[in-house]
Amino acid sequence: MGHAVLRGTSRRDGAAPRMRIDVRELVTPGRTAVVTQECQGAVIGPDAGLRALADEAQRVALPNIKRLLPAARAASVHVVHCLVQRRPDGLGSNRNAKIFAIGRNDVAIAPGTPGAALLPELGPEAGDLVLTRWHGLGPMGGTDLDAVLRNLGVTTIVAVGVSVNVAITNLVMDAVNAGYHVVLPRDAVAGVPTDYADAVIDNTLSLLATVTSTDQLLQIWQP
């Protein structure tokens with residue numbers, strides 16, 4: 001994978017040096033992909049299975065994702081949408097943790113339903129890629145995402161969507177383990193409760209990803 005320019009500052013107390021990361025160099029078009037996570041009807045749409053999460057995502061994250069994607073496309077940054085789907089009988093999907101039983105049972109997420117589809121206000125546009133999974137907690141483990149990104153020449157993932165509680169955190173860790181740089185616009189992800197999601201970003205994800213904002217990325221990618 002490519003490496004960003006990292007600049008260390010000397011420390012007299014013997015602690016590890018802080019690394020200053022140039023976000024502009026990390027998100028260079030051509031080797032960067034915005035990866036949207038579960039921005040679909042059954043998760044954050046008007047008939048979502050977890051209403052609290054959907055409401056939180058619609059409050060800040062979704063409006064910022066709507067702003068970010070057109071700018072990414074215009075700058076020739078790849079856009080990859082990662083969705084989850086499940087048969088009505090659940091065949092082939094996980095049943096081995098409580099999370100897979102959380103939410104309304106009447107929300108359809110089978111292929112071809114609005115619940116399994118990307119929110120229409122986000123696309124997909126002609127140059128976007130859409131990947132679906134039947135299992136797991138995040139978009140990278142046991143899916144096509146890693147291979148697709150490598151085929152695109154991607155070295156940096158800009159992670160957006162839901163949720164900081166599970167799938168976004170899972171994506172960040174899987175991506176770092178696979179050698180990618182991860183950039184996290186904190187106002188384009190969501191989790192519940194809000195203060196818990198903020199704590200996860202501040203205390204865990206900030207150690208793994210470069211935390212930034214939608215506005216900073218828009219400024220970098222502007223024509």
Notebook entry, point to check: Which condition number does residue 168 fail, the rest of (1) surrounded by 20 or more Cβ atoms within 10 Å (Cβ to Cβ); (2) aliphatic (A, V, I, L, M); (3) in contact with a Leu (Cβ under 7 Å, 6 or more places away or on another chain) being met?
Noted result: (3)
Notebook entry, point to check: What are the pairs, 6+ residues apart or on separate chains, where a residue within region 174-187 that is closer than 14 Å to residue 138 by Cα has its Cβ under 8 Å from a residue that is in a helix (DSSP H, G or I) and among the hydrophobic types (A, V, I, L, M, F, W, C)?
Noted result: 176/208
Next item on the list: May I ask you to say which residue of 174, 187, 202, 198 is among the charged types (D, E, K, R), within 17 Å of residue 146 (Cβ to Cβ) and either modelled with pLDDT of 95 or more or crowded, with 22+ Cβ neighbours inside 10 Å (or both)?
Entry: 174
Note to self: List pairs: first residue in region 198-223 and free of Cβ contacts under 8 Å to residues at least 60 places away in the same chain, second residue of a type in the set (Lys, Arg) anywhere in the structure, Cβ distance under 6 angstrom, at least six positions apart or on different chains.
What the structure shows: 201/186; 211/186
Next item on the list: Kindly check whether there is at least one residue in region 116-135 that is under 18 Å from the mean Cα position of the chain (by Cα), modelled with pLDDT of 90 or more and among the β-branched types (Val, Ile, Thr).
Entry: yes
Item checked: Complete set of residues in region 58-89 that are closer than 17 Å to residue 185 by Cβ and not in a helix (DSSP H, G or I) -> 75, 77, 78, 79, 80, 81, 82
Note to self: With the requirement that a residue be buried (at least 18 other Cβ atoms within 10 Å of the Cβ) and modelled with pLDDT of 95 or more, what does region 69-104 give you?
What the structure shows: 69, 71, 72, 73, 75, 77, 78, 79, 80, 81, 82, 83
Margin query: Against the condition modelled with pLDDT of 65 or more, assigned to a loop (DSSP other than H, G, I, E, B) and either surrounded by 12 or more Cβ atoms within 10 Å (Cβ to Cβ) or among the hydroxyl-bearing types (Ser, Thr, Tyr) (or both), how does residue 107 come out, does it pass?
Written below: yes
Note to self: Could you list, ordered by first residue, the pairs with Cβ atoms under 7 Å in which the first is in region 68-81 and over 19 Å from residue 145 (Cα atoms) and the second is outside any strand (DSSP E or B) and among the polar types (S, T, N, Q), at least 6 apart or interchain?
What the structure shows: 68/214
Next item on the list: Consider only pairs whose beta carbons are under 6 Å apart and that are at least six residues apart or on different chains; among these, list those whose first residue lies in region 124-144 and is touching a residue at least 24 places away in the same chain (Cβ under 8 Å) and at positive phi and whose second residue is surrounded by fewer than 14 Cβ atoms within 10 Å (Cβ to Cβ) and basic (Lys, Arg).
Entry: none
Next item on the list: Please specify each residue of region 3-48 satisfying the condition of being within 30 Å of residue 191 (Cα to Cα), in a loop (DSSP other than H, G, I, E, B) and at pLDDT below 80.
Entry: 3, 4, 18
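The values are calculated or read from the model by the stated rules, or taken from the named source; none is laboratory data. Not measured: the values here are computed from a predicted model. Neighbour counts run over all protein chains shown; Cβ positions are idealised from the backbone, glycine included.
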